[in-house]
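Engineer: One structure follows; several queries about it will come next.
The values are calculated or read from the model by the stated rules, or taken from the named source; none is laboratory data. Owing to the predicted nature of the structure, the values given are computational and were not obtained by experimental measurement. No Cβ is skipped: glycine too gets one built from the backbone with ideal geometry, and neighbour counts run over all protein chains shown. The protein model used for the area step is the full one, side chains on, heavy atoms only, and it has no ligands, DNA or RNA in it. Shrake-Rupley method; radii C 1.70, N 1.55, O 1.52, S 1.80 Å.
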Amino acid sequence: MQTLFLYIKNTGFVICGLLALYLLNPFNYGYAFGYIIATLVFINGRFLSENMDMDLFLLFLFSVIYALFYSFEAENTQGKQFIAIYAITPPFFYLLGKFLVRHHPTPKVIFYVLFGIGCVFSISAVISVLLNFLEGGFTQTERTIDMFWTNEPVSATVMGAFLTFNMCIPALIISSQGKNGILFNAISIGVFILSLICVLRLGSRTQLGIFILTTILSLFYIVPKQSLKKNIILMVLIAGVMAYILKRVSFDFDADWLTTFSDRMSNGSNDIASGGGRTERWSKSFRNLFEKPLGWDLDEFGYSHNMWLDTLRVSGIIPFIILIIYSIRSFRQIKRTINLKTDFIALNAQILIYGTAFFLLFMVEPVMEGIFSFFVLFCIFKGVINKYYVNSDQ
């Protein structure tokens, strides 16, 4: 705890506080705190000049072009305010990620910083869904829930995205080899249980998928790296937890806690197999890549439900290609970073798990228009791991 307090002090209480407020987005004024953060980063000329790289250039180019195309739309659902938000936020929050680790914090501190950012990001959604849950429990089929700050309705897709990193907690606990302490594990499990209740209330198949896939990934990552004795203990614990759940919990679709899911399943198996109709939208989007390279109207068939393809729809082929290049670079940078030798293996695993969670959501949701702050978090994440990688060579 003392180490974390010292980290916050060295980083700056103002920067940490502004970042927390941006993530919480009180009364939809999070963008204002984002502007302040961007200004503080910009006026730090020496830091700015020392941390320019190709990723920053790609983000700046992508953001400006995307914002210009967005401004040309006769009707945009999010308002003119987003023109500036799209243009400014990604590159400066990438720099913010580098700023957060500029003093060479230990891998363990970086682990807690990334974990804390994910938890703070989820707070508004967790409170909103739990308040709804306390009113009607699981026996509700309406998936759109009011955000408690403003009482504005928010779709289950967007609300669920806030919970993404909390759904990675079992994977983090497995891959940390018990080195984070009993208190951290207890708090983490509590956060995960609350988030799981929210996911079940929302009926989010995407978030359940992220939970299952990241947990399996953590096992593949950690099992070869630890002793046979630890692996046996781990498997016994997992088997015990699964046996307890299977004994205590009913998985019948008539069960109350599966009300939202059972209502969604009534759409039929074809809807499930097509990812809720996503595969058809992806096919149409790829066809439009050649037929309408400058983009097309949302009214044509709705969202593509893929970050890259929805970028293509809004802003055309140039930002689409830039984002593809940036994503490929990101994949390679995540891969090189997790191969760093460190005594605290949990950070490497966390980078792998969070990176996987990011790309899983990018694959199936219209991130730029649906939950832009999620992409901003990816920029912070990239800034942190790129600076951490550079620091490791010094």
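Engineer: Which net charge results for the neighbourhood of L95, defined as the other residues with beta-carbon distances under 14 angstrom from its beta-carbon, given Lys and Arg at +1 and Asp and Glu at -1? Before the final figure, lay out the partial values.
Structural biologist: On the way: positive: R46, K98, R102, K382, K387; negative: E50, D53, D55.
Around L95, the surrounding residues sum to +2.
Engineer: Now for a separate question. With a length cut of 18 Å (Cα positions projected on each helix's long axis) and a Kyte-Doolittle mean of at least 0.0, go through the chain and give me the DSSP H helices that pass.
Structural biologist: 30-43, 54-72, 81-100, 107-136, 182-202, 205-222, 228-248, 317-338, 345-364, 372-392
Engineer: In region 1-89, which GluC sites (Glu not before Pro) fall in coil by DSSP and have 12 or fewer other Cβ atoms within 10 Å? Write down the numbers at each step before the final one.
Structural biologist: Numbers: sites: E50, E73, E75; in loops: E73, E75.
Loop-located and lightly packed - E75.
Engineer: Among the listed pairs K292/K387; K225/K387; K179/K387; K292/K382; K108/K382; K98/K225, which have their C-alpha atoms separated by more than 27 angstrom in this model?
Structural biologist: Numbers: K292/K387 39 Å; K225/K387 25 Å; K179/K387 24 Å; K292/K382 31 Å; K108/K382 17 Å; K98/K225 29 Å.
Going by Cα-Cα distance, K292/K387; K292/K382; K98/K225 fall outside the 27 Å limit.
Engineer: Using packing as a proxy for protection, rank 126-138, 345-357 so that the peptide with the highest average count of other Cβ atoms within 10 Å comes first. Show your work: numbers first, answer last.
Structural biologist: Working: 126-138: 15.8, 345-357: 22.8.
Descending mean neighbour count gives 345-357, 126-138.
Engineer: If Lys and Arg each add +1 and Asp and Glu each add -1, what is the summed charge of the other residues whose beta carbon sits under 13 Å from the beta carbon of I222? Write down the numbers at each step before the final one.
Structural biologist: Numbers: positive: K179, K225, K230; negative: none.
Spelling it out: positives minus negatives among the neighbours equals +3.
Engineer: Moving on to the next point. Quick one: which residues, 5+ away or cross-chain, put their amide H under 5 Å from the amide H of V154? H built at 1.01 Å from N.
Structural biologist: Close amide H contacts, sequence-distant or interchain: I145, D146, M147.
Engineer: Follow-up. Using mean Cβ contacts within 10 Å as the protection proxy, how do 31-39, 294-302, 98-106 order, highest first? Before the final figure, lay out each step's value.
Structural biologist: Numbers: 31-39: 17.4, 294-302: 13.8, 98-106: 19.1.
The peptides rank, most packed first, as 98-106, 31-39, 294-302.
Engineer: So for each of 181-192, 59-70 I average, over its residues, the number of other beta carbons within 10 Å; can you give me the resulting order with the highest mean first? Before the final figure, lay out the partial values.
Structural biologist: Numbers: 181-192: 13.8, 59-70: 19.2.
Going by the mean number of other Cβ atoms within 10 Å, highest first, we get 59-70, 181-192.
Engineer: Still on this model: Roll a 1.4 angstrom probe over the protein heavy atoms and tell me the percent of accessible area of the chain that is carbon or sulfur.
Structural biologist: Answer for the chain is 67 percent, counting heavy atoms of protein chains only.
Engineer: Find the centroid of the Cα atoms in region 40-59 and in region 64-139, then give the distance between the two in whole Å.
Structural biologist: 20
Engineer: Within a Cβ distance under 14 Å of F381, other residues only, what is the Lys/Arg minus Asp/Glu net charge? Don't skip to the answer; put the middle values down first.
Structural biologist: Working: positive: K98, R329, K382, K387; negative: D55.
Local net charge: +3.
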